[in-house]
Amino acid sequence: MWHFECIYSDRVRARVFIQCDFRALTARSAPAKGINTRFKDQCMPHKVNRKPKNGRSSFSATLPRVEGREWWLWGFAVAVTLVLTFAIFTLTVTDIRLYSDKVSSLNLKEWVRGLTALVLLFDVYTIYQHSQLQRIRRQLAERDRLFQLISENAADMIAVIDNHGDRIYNSPAYYKVLGYSQQELDGTSPYEQIHPDDRARVIGAANKARLTGRGERLEYRVRHKDESWRVLESTASVIHSAKGEIEGLVVVNRDITERKQAEETLAHNAFHDGLTNLANRTLLLDRLGRALAVSRRHADLKFAVLFIDIDEFKLVNDSLGHATGDALLLQIAERLASCVRRVDTVSRSQRRDDAESNFGESTLARPGGDEFVILVEELRNPSDAIRIAERIQEQLVAPFKIDGHEIAVRASIGITFSGNTDLKAQDVLRDAEIAMYRAKQTGKARCEVFDDAMHVGALKRLQLETDLRKAIERHEFRVYYQPIVSLQTGHIVGFEALTRWQHPKGLVMPSEFIAVADETGIILSINNQLVPEACRQVREWQKLFPSDPPLYLSVNISPKQFVQADLSLQIGQVLQDCEMQPCSLSLEITETIAMADANRSAAIVAQLKSLGVAIDIDDFGTGYSSLSRLQGFRIDTLKIDRIFISRMDSDQETHEIVRAIVMLAHNLGLKVVAEGVETPEQMKLLNKMGCDRAQGYLFARPADQHTIGALLAATRVEAMSALPVGASPRWSGASCD
């Protein structure tokens, strides 16, 4: 019996140990809910051997019900064993003193057998209970092993703290995430590693959870062992005792540092330009809206908006590539930032002490492309904005050095002031942009201040652009032809194709819409409609009125059309579709277009020349090129601008300029066409100089195909009547030679 008791005592101790493991597993496996158990130090891996502040553990509550039943079974077993032992002892002693007869001896044996049977039955029951305890022990051991695997490999950090804020348990993830060993954590408060700015908020959330019984999601910063700060997302759950009292908290922490960094990056990118890191249009409009609100409340606090556009920036991208263009934009942004004296609140926060500055914070932004905007707040004097614009022009004077290239740029700047605070932010930015476009129209590399007349002009321009797009859809554009006359024979040798807009309200001249069409790219659609039409018409006239050489057509190529990569393919396709000889087509480009990027222009001209078409330089003398620079181009004709022709008979200097152009062109093997000839005196002077051809009102005004067809028919009759008897006309052939 004593052997049995000893075995059972072992089982009792073993079960107490298993019960502790079970409570630990329960606490660790359900951190998101209230936990109805208690903790002992010997049951917790990575335990904190630190005495609580009040000298006793707050987890010494009532034992679980299953543990009470175990102790009842142990007490019952001891009591039964003592009773049986006492009974056997008593019967044995009584048997010696009182019973001597055979019957009594038999009764005593029956009692002993009965008691022995009871002991055997109780042993069987005890063995059964022992097997059940062993089964539970194995199950709990397996669960504890599973918990150890989960706890050691979990990415989230799990901590258990009591009502006094003392640590009871820290999972191994604390070392993986924060770098602290268990010994280092044991010697510190749970709040010591929390960022000072977040500490009060975390303590308050813990206290609130203990009071209300409900935890809440919280984000705060914790110091890593390497002194960096990590952002944790924390969820606290309360631990309930068997009586329902709150005994502590289970806190599950997740490292969300990378996620927060990604969110901050996305938020930054949403309001900043990806190339220059300056404010983008969205952030600029937000700042501008705030400035308007401040100006409404405080009439003396004004602001100004400077809209900056880099002149001819597209040429840099087209000639040197977009990578060079991006590098140029970065350097421009740096120089613009230096023009804002006090604070660039977007790209960087740096204070500049400048006694000259008389305004508050400023925002430098890049809405897109080659455009920059500066918002100057708390402006005391409008002239300060003008001075900023002047500093910008000065900063851009020095060439930019990029990849061995020196690039000189200029900027057109539009300025608007906060005169009308009822406007929206978009309206203010629009007004500054309108002023910038006025600066471009009046010569570029200059500054213009917005006024109401500009707004009216901008509205007209917008309406014009809309009408142009509708005109393309309605096929309202027409081709007009102006004859080109040989000054030696007086015969029509070709035509220049000119665009006219047959608006429902009347005929619109090119001077009223060509500039807008070219800026917006609408000119490409117009030319795609009219060039094939003009080629077909001239081809028809070549058949009706044959000559030697045949009539030719001269077509203007716009800047946007000239830089198209497939221009030569387009021209070749038109010639093929119209069955027109290449030598009958001349393409006119201005010297400004040709010399904007001389190397690229020469390559484009070479591609066009390979088709067999002629290349004319239009409006010669109005640009910045010279005949010597044009020698690298395979051009055929120079067209002298009408400005020189109109004054050559009244101004001796102009007369000499025209004569020099004609002479130099002939020396280079080029033909010369004079534009805008309106008087017989001008024609005589040009003829005397040896000019080859001319066009102008003196010969014929631009007209539609019907009028020109009639003119050709009339001139043919006149030419036939002027021929000597028996002579044959020269237009029997149609060769370009």
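Here are the numbers for the structure shown:
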quantity	calculated
Sole residue being β-branched (Val, Ile, Thr), buried (at least 18 other Cβ atoms within 10 Å of the Cβ) and farther than 18 Å from Glu588 by Cα, chosen from Val508, Val479	Val508
Test set (1) surrounded by 20 or more Cβ atoms within 10 Å (Cβ to Cβ); (2) farther than 15 Å from Asp649 by Cβ; (3) out of contact with any Asp or Glu (no Cβ under 6 Å at 6 or more places or on another chain) - Ala714 fails condition number	(1)
Leu283 being assigned to a loop (DSSP other than H, G, I, E, B) and within 22 Å of the chain's Cα centre (by Cα)	no
Test: residue in the stretch 498-516 that is in a helix (DSSP H, G or I), acidic (Asp, Glu) and within 30 Å of Ser383 (Cα to Cα)	no
Lone qualifier among Leu266, Leu275 - being within 30 Å of Asp370 (Cα to Cα), part of a loop (DSSP other than H, G, I, E, B) and either within 29 Å of the chain's Cα centre (by Cα) or not assigned by TED's automatic domain parsing to the domain that holds Arg366 (or both)	Leu275
Sole residue being under 19 Å from the mean Cα position of the chain (by Cα), under 26 Å from Thr416 (Cβ atoms) and modelled with pLDDT of 90 or more, chosen from Ala323, Ala327, Ala304, Ala333	Ala333
Count of residues meeting criterion [more than 24 Å from Ala445 (Cα to Cα), free of Cβ contacts under 8 Å to residues at least 12 places away in the same chain and either in a helix (DSSP H, G or I) or among the polar types (S, T, N, Q) (or both)] in the stretch 287-321	3
Subset of the stretch 536-557 (residues that are closer than 19 Å to Gln705 by Cβ and touching a strand residue (DSSP E or B) at 6+ places or on another chain (Cβ under 6 Å))	Val538, Leu551, Tyr552, Leu553, Ser554, Val555, Asn556
Number of the condition not met by Arg634 [criteria: (1) surrounded by fewer than 18 Cβ atoms within 10 Å (Cβ to Cβ); (2) touching a helix residue (DSSP H, G or I) at 6+ places or on another chain (Cβ under 6 Å); (3) touching a residue at least 12 places away in the same chain (Cβ under 8 Å); (4) assigned to a helix (DSSP H, G or I)]	(4)
Residues of the stretch 178-208 satisfying the condition of being surrounded by fewer than 14 Cβ atoms within 10 Å (Cβ to Cβ) and in a loop (DSSP other than H, G, I, E, B)	Ser181, Gly187, Thr188, Ser189, Glu192
The stretch 558-593 - residue that is of a type in the set (D, E, K, R) and touching a helix residue (DSSP H, G or I) at 6+ places or on another chain (Cβ under 9 Å) and, of those, farthest from Gln705 (Cα to Cα)	Glu591
Residue match in the stretch 116-127 (condition: closer than 30 Å to Thr188 by Cα and crowded, with 16+ Cβ neighbours inside 10 Å)	no
Odd one out for Val397, checked against (1) of a type in the set (A, V, I, L, M); (2) surrounded by fewer than 16 Cβ atoms within 10 Å (Cβ to Cβ); (3) outside the structural domain of Asp311 (by TED's automatic domain parsing)	(3)
Residue in the stretch 640-695 that is surrounded by the fewest Cβ atoms within 10 Å (Cβ to Cβ), counting only those that are assigned to a strand (DSSP E or B) and more than 54 Å from the chain's Cα centre (by Cα)	Arg693
Pick from the stretch 262-272, criterion in contact with a Leu (Cβ under 9 Å, 6 or more places away or on another chain) and within 21 Å of Gln331 (Cα to Cα), ranking: surrounded by the fewest Cβ atoms within 10 Å (Cβ to Cβ)	Phe271
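The values are calculated or read from the model by the stated rules, or taken from the named source; none is laboratory data. In this text the structure is predicted, and so the values were computed from the model without any measurement. With ideal geometry, Cβ positions are generated from the backbone for all residues, glycine too; neighbour counts draw on all protein chains shown.
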